[in-house]
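Undergrad: One structure is given below, represented as structure tokens, and several questions about it will come after.
The values are calculated or read from the model by the stated rules, or taken from the named source; none is laboratory data. In this text, all values refer to a predicted model and were calculated from it rather than measured experimentally. Cβ placement follows ideal geometry from the backbone for every residue including glycine, while neighbour counts extend to all protein chains displayed. The accessibility values were calculated without ligands, DNA or RNA, using every heavy atom of the protein model including side chains. Shrake-Rupley method; radii C 1.70, N 1.55, O 1.52, S 1.80 Å.
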Amino acid sequence: MSPAPAAQTPVAPVVLALDFGGTKTALTVADARHGTRLHDLTVDTDPDLGRTLKTARTLLAGREPHAVGVSTIGIPGPDGVALAPNIPGWDELPLERELAREFPRSTIRVATDVKAAAAYENASGALAGCDPGLYVNLGTGLAVAVVAHGTVLTGRHGASGEIGYNLRAPDDVGRTDRVPLEAAVSGKALRRGAPTPEFTRELAYHLVNLTIAVDPERIVVGGGMVRVWPALHDPLRAALDAAVPYPPQLVPAAQPYDAPLLGALALAVEAARPGPKKTR
């Protein structure tokens, strides 16, 4: 009699999370049930997705993800990602469709990176329990997210909080050739040699006005510039205390560098669960 075939160990289900930034893309493969991260890599952001998808397949090691959660700069739509000038051609890339083509058996969920980060910080980070709360991303670009009643506000077109497009002075009103705020207040601006005192002063000006409009309980700051948090905190704290009727708390994010990726991972884990799914 032939021996019975050896029992195969079932392969634990996994999900894939991607965070597309202006210069780097972070990837993680995680347990689909609990979101425990198993494998991580970071690559340069490529406009055609080729390097990213190859890296994802390497991390997956032959497995198919039950779901793919994505956070990206800009505003993802069916035919491209709007407001993402840092990645050439991104405005014409149907990101969700391309990922669905690569992973046809996976549920795909896509969100703007700052909103994904704010959702994560609201669920289990520095914004937990705050109503309303304000998440400020200071990285390659500049954007914010408003959290009210436990929900990240998206706006009519998904572009709520894109303050990188703010006017910088009254003379900008009506001009189509103006320099937007992000060109002067962002990590990209500092790399081009923007003076640090002017950078901080202009950031404080806009943050104070936004705080007066929203009246948040807490402001949480994430992004690569949190690495110089002491240099940011003191002038921003002073500006808020001097001008805001009810100055809020000002703290770094619980996950200042990984919150967008963790937000994407949360989207994937939620999408992989059985039962009714939330739309993105």
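Undergrad: For segment 190-237, just say rounded, prolate or oblate: build the C-alpha gyration tensor, square-root its eigenvalues into a ≥ b ≥ c, call rounded for a/c under 1.5, and beyond that prolate if a/b exceeds b/c, oblate if not. Write down the numbers at each step before the final one.
TA: Values: a/c = 2.22, a/b = 1.54, b/c = 1.44.
Because a/c hits 1.5 or more and a/b exceeds b/c, segment 190-237 counts as prolate.
Undergrad: Treating the angle as unsigned and between 0 and 90°, give the value, to the nearest 10°, between the Cα long axis of helix 50-60 and the longest Cα principal axis of the chain.
TA: It works out to around 50 degrees.
Undergrad: A further question on this structure: Say each of L41 and D171 gets a label point 7 Å from the Cα, pointing the same way as Cα to Cβ; how far apart are those two points in nm?
TA: Here the modelled spin labels are 5.0 nm apart.
Undergrad: To continue, here is another question. Relative contact order for the chain using alpha-carbon pairs under 8 Å, separation at least 6, rounded to a whole percent? Could you put the intermediate results ahead of the total?
TA: Working: 560 pairs, mean separation 61.1, N = 280.
Over the chain, the number comes to 22 percent.
Undergrad: Which percent, nearest 5, of DSSP beta bridges in the chain are antiparallel?
TA: Working: 25 of 45 bridges.
The antiparallel fraction comes to roughly 55 percent.
Undergrad: A further question follows. Taking square-rooted eigenvalues a ≥ b ≥ c of the alpha carbon gyration tensor, is segment 221-266 rounded, prolate or oblate, where a/c under 1.5 means rounded and, failing that, a/b exceeding b/c means prolate?
TA: Because a/c hits 1.5 or more and a/b fails to exceed b/c, segment 221-266 counts as oblate.
Undergrad: Helix 229-243: angle to the longest alpha-carbon principal axis of the chain, degrees 0 to 90, nearest 10?
TA: It is inclined by approximately 50 degrees.
Undergrad: Going by Cα centres, segment 218-280 and segment 146-179 are how many Å apart?
TA: First find each Cα centre; the distance between them is then 18 Å.
Undergrad: So, one more: Taking only protein heavy atoms into account and a 1.4 Å probe, give the accessible area per residue of segment 225-271 in Å².
TA: Values: 2120 Å² over 47 residues.
For segment 225-271, the solvent-accessible area averages 45 Å² per residue.
Undergrad: By the gyration tensor of its Cα atoms, with a ≥ b ≥ c the square roots of the eigenvalues, what is the shape of the chain: rounded for a/c under 1.5, prolate for a/b over b/c, or oblate? It would help to have the intermediate numbers written out before the result.
TA: On the way: a/c = 2.27, a/b = 1.82, b/c = 1.25.
Since a/c reaches 1.5 and a/b is larger than b/c, the shape of the chain is classed as prolate.
Undergrad: Rounded to two decimal places and with Rh computed the Kirkwood way over Cα pairs, what is Rg over Rh for segment 77-227?
TA: Numbers: Rg = 16.6 Å, Rh = 16.8 Å.
That ratio is 0.99, to two decimals.
Undergrad: Could you work out the helix-only [θ] at 222 nm for the chain, with each DSSP H run of four or more residues adding -39,500 (n - 2.57) and the total divided by the number of residues, to the nearest 500 deg cm²/dmol?
TA: Details: 7 runs with 84 residues, N = 280.
That comes out to -9500 deg cm²/dmol.
Undergrad: For segment 57-126, which trypsin sites (Lys or Arg not before Pro) are in a loop by DSSP, counting at most 13 other Cβ atoms within 10 Å?
TA: Working: sites: R57, R63, R97, R101, R105, R109, K115; in loops: R63, R105.
When the trypsin sites (Lys or Arg not before Pro) of segment 57-126 are filtered for loop state and at most 13 Cβ neighbours within 10 Å, R105 remain.
Undergrad: Counting only residues 5 or more places away or on other chains, whose amide H sits under 5 Å from the amide H of G80 once H atoms are built in the peptide plane?
TA: Answer set, sorted by chain and number: L95.
Undergrad: Could you tell me which of A84, A61, G74 has its Cα farthest along the dipole of segment 53-119 towards the positive end, charges placed at Cβ (Lys, Arg +1; Asp, Glu -1), taken about the Cα centre?
TA: A61
Undergrad: While we're looking at this one, here's another question. Could you list which residues have their amide H under 5 Å from that of C130, counting only those 5 or more apart in sequence or on another chain, with H placed in the peptide plane?
TA: none
Undergrad: Give me the aspartates and glutamates in straight-line cross-link reach of K54: C-alpha distance below 13 Å, same-chain residues under 8 apart excluded.
TA: Hits, sequence-local ones excluded: D44, D46, E102.
Undergrad: Roughly how many percent of the accessible protein surface of the chain is carbon and sulfur, given a 1.4 Å probe and a whole-percent answer?
TA: Details: 7730 of 13890 Å².
Accessible surface attributable to carbon and sulfur in the chain totals 56 percent.
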